[in-house]
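All remarks here apply to the structure that follows.
The values are calculated or read from the model by the stated rules, or taken from the named source; none is laboratory data. All figures in this text were calculated on a predicted structure; none of them were measured in a lab. Ideal geometry is used to build each Cβ from the backbone, glycine not excepted, and the neighbour counts take in all protein chains shown. These accessible areas exclude ligands, DNA and RNA; they are computed on the full protein's heavy atoms, side chains included. Shrake-Rupley method; radii C 1.70, N 1.55, O 1.52, S 1.80 Å.
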Amino acid sequence: MKFFVSVVMFFLLLNCFATAQTLIRDSCKTATAKDPNLKYDFCVQSLEQDPQSKTATSLAGLVIASTNNAASKTTNVKGIVETILKNKKYPPGTETALRTCVELYDDGKDSLNAALMNVKSGDYRSANVHLSAALDEPGTCEDGFKEKHTISPVTNENNILYQKILIPLAFTNML
């Protein structure tokens, strides 16, 4: 009897994983068809590596998981910039741009948290507004370096952050 229960549990678990994987791939496919800035492979890979996304059973669940993922990445990039500032390992004339980026990441994190609350309450229009605001932050950070005619030390991280925020925004537009 124990063996039978174990086999049933295994197949249920396998079915849940396959369902989540299908949800992720189908959602990313639809989102990338609607938003050419979103990269399909990045979307799928990012969500399949996230344990919360793997257990999502709906598009709204994927929005919550991907928003949490974007908020985590925002905190990570902010930490990188703070470390650069702390260690004073930045090109001359970029300190102001780096400090502005730290503030932008704080604003972005606040916007992502607000979007998360909106999604949980079913207010997708407000979530869209907050996600759009968060999406602007990595680009605004990069613009600060362009104005100084210098190279940003976090361009790659900002590009990844942009994609991670674009995922829940694209999904919210589908709800």
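A few points about this structure:
- When Met117 is tested against the conditions (1) of a type in the set (A, V, I, L, M); (2) open to solvent by 30 Å² or more (accessible area, probe 1.4 Å); (3) within 18 Å of Asn69 (Cα to Cα); (4) in contact (Cβ under 8 Å) with a residue 12 or more places away in the chain, the lone failure is (4).
- Qualifying residue in the stretch 114-124 (condition: within 24 Å of Thr30 (Cβ to Cβ), of a type in the set (Lys, Arg) and assigned to a helix (DSSP H, G or I)): yes
- Residue check for Glu82: touching a residue at least 12 places away in the same chain (Cβ under 8 Å) and open to solvent by 70 Å² or more (accessible area, probe 1.4 Å): yes
- Within the stretch 120-134, the set of residues being open to solvent by less than 30 Å² (accessible area, probe 1.4 Å) and more than 13 Å from Thr172 (Cα to Cα) comprises Ala134 only.
- With respect to the conditions (1) modelled with pLDDT of 95 or more; (2) of a type outside the set (A, V, I, L, M); (3) closer than 21 Å to Cys28 by Cα, Thr55 lacks only one, and its number is (1).
- Scanning the stretch 33-70 for residues that are of a type outside the set (S, T, N, Q), open to solvent by 50 Å² or more (accessible area, probe 1.4 Å), in a helix (DSSP H, G or I) and over 16 Å from Thr22 (Cα atoms) yields Ala33, Lys34.
- Any hit, the stretch 82-93, residues being in a helix (DSSP H, G or I), of a type in the set (D, E, K, R), within 17 Å of the chain's Cα centre (by Cα) and within 19 Å of Ile160 (Cα to Cα): no
- Residue within the stretch 138-152 that is at pLDDT 95 or above, crowded, with 23+ Cβ neighbours inside 10 Å and either touching a helix residue (DSSP H, G or I) at 6+ places or on another chain (Cβ under 8 Å) or of a type in the set (Asp, Glu) (or both) present: yes
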